[in-house]
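The values are calculated or read from the model by the stated rules, or taken from the named source; none is laboratory data. None of these values were measured; they are calculated from a predicted model. A quick note on method: Cβ atoms are made from the backbone with ideal geometry, for glycine too, and the neighbour counts reach across all protein chains shown. Accessible surface is based on the protein model in full, side chains and every heavy atom, while ligands, DNA and RNA are left aside. Shrake-Rupley method; radii C 1.70, N 1.55, O 1.52, S 1.80 Å.
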Amino acid sequence: MKAHPKEFPKTLLAIALSLTLAGVAQAAEDKPPSSYAPTVEEDLATVMKRMKAAKPDIERRQAELLKQRYDLSDKAAAGVTMSRGKPVQEGVRIRLKPGTSWDGLAAASPEEIRDKGLFPAGFLPLPHPNHAEGGMVFPKFHIEEIKRQEQRDLTRFDLDFDLPDHFLPEFPAPIYLTTRPDLGDVSKGKLVTIENYYELFNGVLNPKQLEGLRLLVTPFPQQQFNQTADRRSERPSRGVVCFDCHANGHTNASTHLVGDIRPQEFRHRIDTPSLRGVNIQRLFGSQRALKTVEDFTEFEQRAAYFDGDPVIATKKGVNVLERGSQVHFMAEFEALLDFPPAPKLGIDGKLDPRKASEAELRGQAVFFGKGTCANCHTPPYYTDNLMHNLRTERFFKPQMINGRMANMDGPIKTFPLRGIKDSPPYLHDDRLLTLDDTVEFFNLVLETKLSGEEKKDLVAFLRTL
């Protein structure tokens, strides 16, 4: 069928437009990576329309990845709970590739596992819910509680949190203080916010500590939550607080991307670590190895809240804290956050044989023996305050996973294991959903070749810490 002559200009226009868009796309692909975020600000309405339209496909892709990697069902361990009663998930949730078994993998060499592509997908680095975009993402239960208390909305119009609630820490988490262990949970079952911090802690903290806590629950602008048009909240936002991720000084498993790696696809997803026990830690940031919690507190405000980009921080409202009267006060409160009680542990951090079960005692023997766990996680707090490189890249070939280039992890700090059952998911990027997954991961990576019973006993011991 021949086109009508009047249609030729429209056809030519369409072809020209198509070629122009293709040229723009190709130029974007050919553009060399930059250390800096884009400084040309798009119209917010345009950005919001585009990202809302893309959101279903992005979240479907991430959900499919999680389903392929893990058994996401709710299977609570009988009689095992976190400090305030939330059930602890049990069992290995990592899905194995057809024809493989955990014993078979443990018997193979790293080179054989890599060359045959046998490394379990759940052991590979976990991408951010939208890795190309990144940014802070909060669980729904935290968003709803902040809305209720403060009328501050942490909802992103482009993205929701990806992991199911039953794999996350209990909410709100209890708060234990090194200075007042007699009080037990000083949060009284509440999420501490700017609305209630004073009534909860006046008379418990000294004035410096109380002021430090106030700053920890005060909103400041951040990359995705600010007053400029370059944000991911529908309305201009007052920002986020330190305790939006470190809820009650612990964690709610909010996620983000590290600010210290470029280009974007090489940035690591980060789990929010608990602030419990920072007083006994000597390194801060999973890989940055900042030497004091004061350094971490100050540097987070100056740039990390803004993806490590001080140029963008200035634009969006960086909050430069004064070291002596603000940073120090915040750090002084953080240093009071204690681990939860562990009634089966003695003063040396090891099990009291009069209180522990036979399985827990066997697990402790594995921990300090065949499992080699204590080489890094030394009692009483189960950390050596160093960094170690597990060199997981021995087991797999570099590959792109939902926008995340999975290659080497590099050195990671030794996190304390005290209270570990209260802090799922595990590893620095949430890739391990349960303690059972974690034991299988380290059994393979450290090549310890534990038996099935030894692995079960080790999990039983970890739950006592």
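Once the range 388-405 is narrowed to residues that are among the basic types (Lys, Arg) and not in a loop (DSSP other than H, G, I, E, B), the residue that is nearest to Leu444 (Cα to Cα) is Arg394. For the range 243-267, the set of residues classified as open to solvent by less than 10 Å² (accessible area, probe 1.4 Å) and not hydrophobic (A, V, I, L, M, F, W, C) consists of Asp244, Asn248, Gly249, His250, Thr251, Asn252, Ser254, Thr255, Arg267, listed by residue number. All of Asn196, Asn130, Asn206 fail the test of being under 18 Å from Arg232 (Cβ atoms), among the polar types (S, T, N, Q) and modelled with pLDDT of 95 or more, apart from Asn130.
Among the numbered conditions (1) of a type in the set (Ser, Thr, Tyr); (2) open to solvent by less than 10 Å² (accessible area, probe 1.4 Å); (3) in contact with a helix residue (DSSP H, G or I) (Cβ under 6 Å, 6 or more places away or on another chain), the only one that Thr464 does not meet is (2).
For the range 188-219, what are the residues that are open to solvent by 20 Å² or more (accessible area, probe 1.4 Å) and of a type in the set (Ser, Thr, Tyr)? Tyr197, Tyr198, Thr218 - these are the residues of the range 188-219 that are open to solvent by 20 Å² or more (accessible area, probe 1.4 Å) and of a type in the set (Ser, Thr, Tyr). Filtering the range 274-293 to residues that are open to solvent by less than 50 Å² (accessible area, probe 1.4 Å) and modelled with pLDDT under 95 leaves Leu283, Phe284, Gly285, Ser286, Gln287, Ala289, Leu290, Thr292, Val293.
Filter the range 393-416 down to residues that are within 15 Å of the chain's Cα centre (by Cα) and hydrophobic (A, V, I, L, M, F, W, C) and give me whichever is surrounded by the fewest Cβ atoms within 10 Å (Cβ to Cβ). Per the criteria, the residue is Ile412. What pairs come out if I take residues in the range 329-341 that are farther than 14 Å from Phe296 by Cβ and open to solvent by 10 Å² or more (accessible area, probe 1.4 Å) and pair them with residues that are outside any loop (DSSP other than H, G, I, E, B) and of a type in the set (A, V, I, L, M) whose C-beta lies under 8 Å away, six or more apart or interchain? Pairs that qualify, where the first residue is farther than 14 Å from Phe296 by Cβ and open to solvent by 10 Å² or more (accessible area, probe 1.4 Å) and the partner is outside any loop (DSSP other than H, G, I, E, B) and of a type in the set (A, V, I, L, M), are Phe329/Leu215; Leu336/Leu177; Leu336/Leu205; Asp338/Leu177.
Just so you know, in the range 86-131 the residues that are over 19 Å from Lys397 (Cβ atoms) and charged (D, E, K, R) include one that is surrounded by the most Cβ atoms within 10 Å (Cβ to Cβ), and it is Arg93. Screening Arg69 on (1) open to solvent by less than 70 Å² (accessible area, probe 1.4 Å); (2) modelled with pLDDT under 80; (3) basic (Lys, Arg) shows it passes everything except condition (2). Quick check on my filter: what residues within the range 244-295 are among the acidic types (Asp, Glu) and assigned to a strand (DSSP E or B)? Asp271, the sole residue that qualifies. For the range 312-331, the condition holds for at least one residue, the condition being that it is within 23 Å of Thr414 (Cβ to Cβ) and touching a helix residue (DSSP H, G or I) at 6+ places or on another chain (Cβ under 7 Å).
Based on what the data block shows, is Pro380 without any contact (Cβ under 8 Å) to a residue 40 or more places away in the chain, of a type outside the set (Lys, Arg) and under 18 Å from Ile280 (Cβ atoms)? So Pro380 passes the test. Candidates in the range 161-179 are the residues that are among the acidic types (Asp, Glu) and over 20 Å from Val241 (Cβ atoms); of these, the one that is surrounded by the fewest Cβ atoms within 10 Å (Cβ to Cβ) is Asp165. Against the criterion of being outside any helix (DSSP H, G or I), farther than 22 Å from Lys67 by Cα and either of a type in the set (Asp, Glu) or under 16 Å from the mean Cα position of the chain (by Cα) (or both), Gly85 does not qualify. Any residue in the range 180-187 that is open to solvent by 10 Å² or more (accessible area, probe 1.4 Å), part of a helix (DSSP H, G or I), closer than 24 Å to Arg276 by Cα and charged (D, E, K, R)? Looking through the range 180-187, at least one residue is open to solvent by 10 Å² or more (accessible area, probe 1.4 Å), part of a helix (DSSP H, G or I), closer than 24 Å to Arg276 by Cα and charged (D, E, K, R). When we screen Gly363, Gly419 for residues that are open to solvent by less than 20 Å² (accessible area, probe 1.4 Å), at pLDDT 95 or above, over 30 Å from Glu59 (Cα atoms) and in contact with a Pro (Cβ under 8 Å, 6 or more places away or on another chain), the only hit is Gly419. Evaluate the following for Val240: is it open to solvent by less than 10 Å² (accessible area, probe 1.4 Å), β-branched (Val, Ile, Thr), closer than 15 Å to Val327 by Cα and modelled with pLDDT of 95 or more? Against the criterion (open to solvent by less than 10 Å² (accessible area, probe 1.4 Å), β-branched (Val, Ile, Thr), closer than 15 Å to Val327 by Cα and modelled with pLDDT of 95 or more), Val240 does not qualify. Anything in the range 423-444 that is of a type outside the set (S, T, N, Q) and closer than 16 Å to Phe367 by Cβ? List them, or say none. Passing the criteria: Tyr426, Leu435, Asp436, Val439, Glu440, Phe441, Phe442. For the range 196-230, a residue qualifies if it is in contact with a Phe, Trp or Tyr (Cβ under 6 Å, 6 or more places away or on another chain), assigned to a loop (DSSP other than H, G, I, E, B) and either under 21 Å from Asp309 (Cβ atoms) or acidic (Asp, Glu) (or both), and the qualifying residues are Gln222, Gln223.
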